[in-house]
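The structure appears below as structure tokens.
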Number of protein chains: 2
Amino acid sequence: MAEQVAKNARIASTVLKTLSNEERIIALKAVHDGLLKAKLDIFEANVKDMQAAKENNLSSALIGRLDLSKGDKFDVMLQGILDVADLEDPVGKLTLARQLDQGLNLYRVTAPVGVLLVIFEARPEVIANISALAIKSGNAAILKCGKECFHTFTIMSKIVSESLAATVVPKDAVQMIGSREDVAALLDQDKYIDLVIPRGSRELVRSIKENTKIPVLGHADGICSIYVDKDADLAMASRILADAKTNYPSGCNAAETLLIHESLKDQVPQIVKGLIDAGVVLHASESVAEVLAASLIPAAQVVPAIEGDFDKEFLSFDIAVGFTKDVNSAIQHINTHGSKHTDVIITDNKDAADKFLKSVDTAGVYWNCSSRFADGFRYGFGTEVGISTNKIHSRGPVGLEGLMIYQYQLRGEGNIAGDYLGAGGKKAFIHKDIELSSVQL
Amino acid sequence: MAEQVAKNARIASTVLKTLSNEERIIALKAVHDGLLKAKLDIFEANVKDMQAAKENNLSSALIGRLDLSKGDKFDVMLQGILDVADLEDPVGKLTLARQLDQGLNLYRVTAPVGVLLVIFEARPEVIANISALAIKSGNAAILKCGKECFHTFTIMSKIVSESLAATVVPKDAVQMIGSREDVAALLDQDKYIDLVIPRGSRELVRSIKENTKIPVLGHADGICSIYVDKDADLAMASRILADAKTNYPSGCNAAETLLIHESLKDQVPQIVKGLIDAGVVLHASESVAEVLAASLIPAAQVVPAIEGDFDKEFLSFDIAVGFTKDVNSAIQHINTHGSKHTDVIITDNKDAADKFLKSVDTAGVYWNCSSRFADGFRYGFGTEVGISTNKIHSRGPVGLEGLMIYQYQLRGEGNIAGDYLGAGGKKAFIHKDIELSSVQL
């Protein structure tokens, strides 16, 4: 069953990738209109899911995520579909044109990755969001939701399918899988599925990464560090730290580790002022704790750092704090303990900043600003597929580009390799780049 | 042991990525000079490997690949190091610059992927080639060779290490692992190793892909198809087919499947003329065999296609031949049976070509030219890391670019997210692209 679903998605993807931007936009509008018309039915199903969640004593945070009628969530979700429809077409963009020889031209053209498997928990709006991203980018998608949004998922799937049926998008371009058991079987379909996108908890992402050979776009941990250099503006440091830690502590781009240049021993109370005022608890290394013991900082807000605190994503009003000898040891610490998400240096010294920006192996290297800017919308990508801590394909906040790859087109006039040097012939290649704007494929 | 090697490579990679192009070029020249000076010692070790191979009755093809003194192989290998040194620096190239707000600028800068694991068999020149590619691209590399080139590998490793020791490249930037047992352990180091590059047989690539979670750059199969459309120039088809099949039959870009539009039944002898003249054996479908039986083509060059022939990489003077109803069924056949390497349409009909170019899900879609052009040097990449049939990161012939990823740099003046819309504040983002050539980081 999982294999058939994946195979059908693959076939649908080869049709979907040939559709024009206009055809894909019409399909997105149809999905938008279908969901809008069914708003009350969707809310009804959504209430059932929330009731079941309460009966099963699920956390109030989870129930809040389930609730599609909360505030303007439903309208935002629908507007999101139209926003994605309006984005620049990512398919078929020319990124390289080169004359290999007279009458033999090479073109590199963007193309959809193929088939996406999206696994999510308790976030019914992902159905609309991912359907939109997939169709816009020409990728087929298989959506797999957690059982906690079963009713909402069932009706929304039905509406998305029905809406697409009236368009030229093949029906298997977006398939929805309800049952829990299929996850493992789907994760085995590396022959047909090109990319897995998990939307949910750290545990979900980790368990998916451990159970598939298919590339996974996303991140399990966001252990972001802030290094306060000896030449830092301390008021700036205090302000950035408060924002990075407390603006949204459960965000993956929240700061979890604070490293302070050891020459700033006496200035630590100044540096952590913003954190202390916001009520953050400092998990202090021994030497930091010593310095703070002599300060006016409430003892309740300083606890000794224990083993693992500098490798921990607290996701709460807690931060690990330690001294570091210099920018080099800060870099080394982050390259060893960080999660390659986003890391910050605060300094007025350009040399130290340059060293840090060049040396830290992380998706986002920041200078004098908050790690909280690591976000596709803030970067101006229009949408966000996820934030990747992978080292290949896409890194950091990922927009539609992350769902694209390319194909090489070679257009000839009967050219054969055997006529050229290196393959038995005498002709040399020209290898002359062609101005992209002059090409009409 | 494998973990320590991988960990050391990771640490070395964070230093290597900060070196300037000049520093990396000096290191490459040192490796070149070291190998040149030790030419005779290397040949001596190489002879031992070839003797051992003969004693172990290894194939003459393998012994040929082992032989570093054959023709100009050694000189070509050394020249390759200098050629790679001369390539444009792939590190630190600016690919996006955007003003998010006054004093808050986002930059996307190319960076090395990190740590490469290169596994190869019986090709000692890979040591020089990969060392050069890794150093030039700022990636650390772990090289693992098959036991058949043990002696050559041992001395060349020693020379590469000694040559690098006199430069600023960290000694663990290129590590060589001799023993066979470590492969499995190395393939488990997904925490430290970012990319595996296999150089060797299909079986090697397949076994690596099956035994690691680390992304593998390369391809197991090259099942390239050529579709001769009803509007094809038949003389051109015959010529391209002969080249694509026979110019280098053991190449992954050689043609393995020939699909002919069924309206060309009577022209089949004309189409396959080049193949027949070159001595190729046609593995013909029933209907093709029927047509050929009535022709002047030697019966010995036509055998019935058996199950699996249309999913087979012959790598010999053999090709599977079948009819197809139209361009759509050719596309469907290739999307089902191909290996996403390189596929060709021969036609004078632009609509059919456009359909094919858009719909075939393969790294190289070719129109009226030979599949044999699928090659990094022919594409003008200066070097080739491999040919990828993956769907993410890199596709088709891969140059140095395939060893690169990017980092986002965000440079601020104390900016915090909480001041902006969406995170509690009132400021809107500007999101204005900056002309790349005007940026001086």
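The values are calculated or read from the model by the stated rules, or taken from the named source; none is laboratory data. Since we're looking at a predicted model, the values are computed, not measured. Counting neighbours? That spans all protein chains shown, and the Cβs are built from the backbone with ideal geometry, glycine included. Heads up: the accessible areas ignore ligands, DNA and RNA and are worked out on the full protein's heavy atoms, side chains in. Shrake-Rupley method; radii C 1.70, N 1.55, O 1.52, S 1.80 Å.
Figure note: A:GLU307, B:GLU401 ranked by solvent-accessible area, largest first, 1.4 Å probe, ligands and nucleic acids not counted: A:GLU307, B:GLU401. Shape summary of region B:190-255, radius of gyration then Dmax from alpha carbon positions: 17.2, 54 Å.
Within the straight-line cut-off of under 13 Å between alpha carbons, the aspartates and glutamates reachable from A:LYS73 are A:GLU125, sequence neighbours fewer than 8 places apart in one chain being disregarded. Within 10 Å of the Cβ of each residue in B:400-408, the mean number of Cβ atoms contributed by other protein chains is 4. Of the residues A:THR18, A:SER225, A:LEU116, the one whose Cα sits farthest toward the positive end of the charge dipole of chain A, with +1 on the Cβ of Lys and Arg and -1 on the Cβ of Asp and Glu, is A:THR18. Neighbours of A:ASP233, meaning other residues whose beta-carbon lies under 11 angstrom from its beta-carbon, give a summed charge of -3 when Lys and Arg score +1 and Asp and Glu score -1. Loop-located trypsin sites (Lys or Arg not before Pro) in region A:59-93 (DSSP state not H, G, I, E or B) with no more than 14 neighbouring Cβ atoms inside 10 Å: A:LYS70.
Computed with a 1.4 Å probe over protein heavy atoms only, the accessible area of A:THR18 comes to about 40 Å². Peptides B:216-222, B:192-198, ordered by how many other C-beta atoms sit within 10 Å of their residues on average, highest first, read B:192-198, B:216-222. Under 1.5 on a/c is rounded, so check that first for region B:2-210, then, if it is not, pick prolate when a/b is larger than b/c and oblate when it is not; a ≥ b ≥ c are the square roots of the alpha carbon gyration tensor eigenvalues. Prolate, because a/c is 1.5 or more and a/b exceeds b/c.
With both labels modelled 7 Å from their Cα along Cα-to-Cβ, the A:GLU210 to A:ASP190 distance reads 1.8 nm.
Using θ = phi - 60° in the Karplus curve 6.51 cos²θ - 1.76 cosθ + 1.60, the 3J(HN,Hα) couplings for region B:101-116 round to 6, 3, x, 10, 10, 9, 10, 10, 10, 5, 9, x, 4, x, 10, 9 Hz; x is entered for Gly and Pro. Rg and Dmax, both from the Cα atoms of chain B and both in Å, are 25.5, 82. Placing pseudo-labels 7 Å out from each Cα toward the beta carbon at A:ALA166 and A:SER287 gives an inter-label distance of 6.9 nm. At full extension, B:ASP83 and B:ASP326 could sit 82.9 nm farther apart than now, given 0.36 nm per residue minus the alpha carbon distance.
This model, with +1 at the C-beta of Lys and Arg and -1 at the C-beta of Asp and Glu, gives the protein assembly as shown a dipole about its Cα centre of some 100 debye. For region B:310-441, the per residue solvent-accessible surface stands at 36 Å², with DNA, RNA and ligands left out and a 1.4 Å probe.
Just to be sure I understand: with springs between alpha-carbon atoms less than 10 Å apart, which residue in B:GLN175, B:GLN189, B:GLN79 has the highest mean-square fluctuation in the Gaussian network model of chain B? Highest fluctuation among the options: B:GLN79. Considering only B:LEU292, B:LEU40, B:LEU421, the Gaussian network model of chain B with Cα springs below 10 Å gives its largest mean-square fluctuation to B:LEU421. Measuring only protein heavy atoms, the 1.4 Å probe finds A:PHE150 accessible over about 110 Å². Our helix-only sum for chain B, with -39,500 (n - 2.57) per DSSP H run of n ≥ 4 divided by its residues, gives a mean residue ellipticity at 222 nm of -11500 deg cm²/dmol. Show me you know the interface measure: the accessible area buried between B and A, both chains summed, probe 1.4 Å, in Å² to the nearest 100. Separately minus together, B and A give about 6500 Å² buried. For the protein assembly as shown, DSSP calls about 30 percent of its internal beta bridges antiparallel.
Here the accessible area is traced with a 1.4 Å probe on the protein chains. For the protein assembly as shown, carbon and sulfur cover 52 percent of it.
Distance between the modelled labels on A:SER263 and A:ALA235, one decimal in nanometres: 2.2 nm (7 Å Cα→Cβ projection). For region A:63-171, a crude dipole built from +1 on the beta carbon of Lys and Arg and -1 on the beta carbon of Asp and Glu, taken about the Cα centre, is about 340 debye to the nearest 20. Take each residue in A:372-382, count the other chain C-beta atoms within 10 Å of its C-beta, and the mean is 6.
If R0 is 30 Å, the Cβ-Cβ spacing of A:GLN440 and B:ASP433 corresponds to a FRET efficiency of close to 0.75.
Accessible-area loss of 10 Å² or more (1.4 Å probe, protein heavy atoms, chain alone versus all protein chains) is found in region B:103-119 for B:LEU104, B:LEU106, B:ARG108, B:VAL113. Out of B:LYS245, B:LYS350, B:LYS273, any idea which swings most in a Gaussian network model of chain B, alpha carbons joined below 10 Å? Result: B:LYS350 has the largest fluctuation of those listed. What does the charge add up to near A:SER339, with Lys and Arg as +1, Asp and Glu as -1, over the other residues with Cβ less than 10 Å from its Cβ? Result for the neighbourhood of A:SER339: -4.
Checking the a/c ratio against 1.5 first, then a/b against b/c, what shape does the Cα gyration tensor give for region A:276-321? Verdict is oblate for region A:276-321. A Cβ-based charge dipole, computed about the Cα centre of region B:189-332 with Lys and Arg at +1 and Asp and Glu at -1, lands at about 420 debye. Gyration tensor over the Cα atoms of region A:343-441: the corresponding equivalent ellipsoid has semi-axes (square roots of 5 times the eigenvalues, largest first) of 43, 20, 13 Å. When you restrict to C-alpha pairs under 8 Å that are six or more residues apart and normalise by the size of region A:1-139, the relative contact order lands at 35 percent. Expressed in units of 2.2 N^0.38 Å, where N is the residue count, the Cα radius of gyration of region B:224-375 is 0.91. Shown are B:HIS333, B:HIS261, whose ranking by accessible area with a 1.4 Å probe and every protein chain present, most to least, is B:HIS333, B:HIS261.
Given a 1.4 Å probe and the protein chains as shown, A:PHE314 ends up with an accessible area of around 30 Å². Overall shape: prolate for region B:209-310, with the ratio a/c of the largest to smallest alpha carbon gyration tensor axis at 1.5 or above and a/b above b/c.
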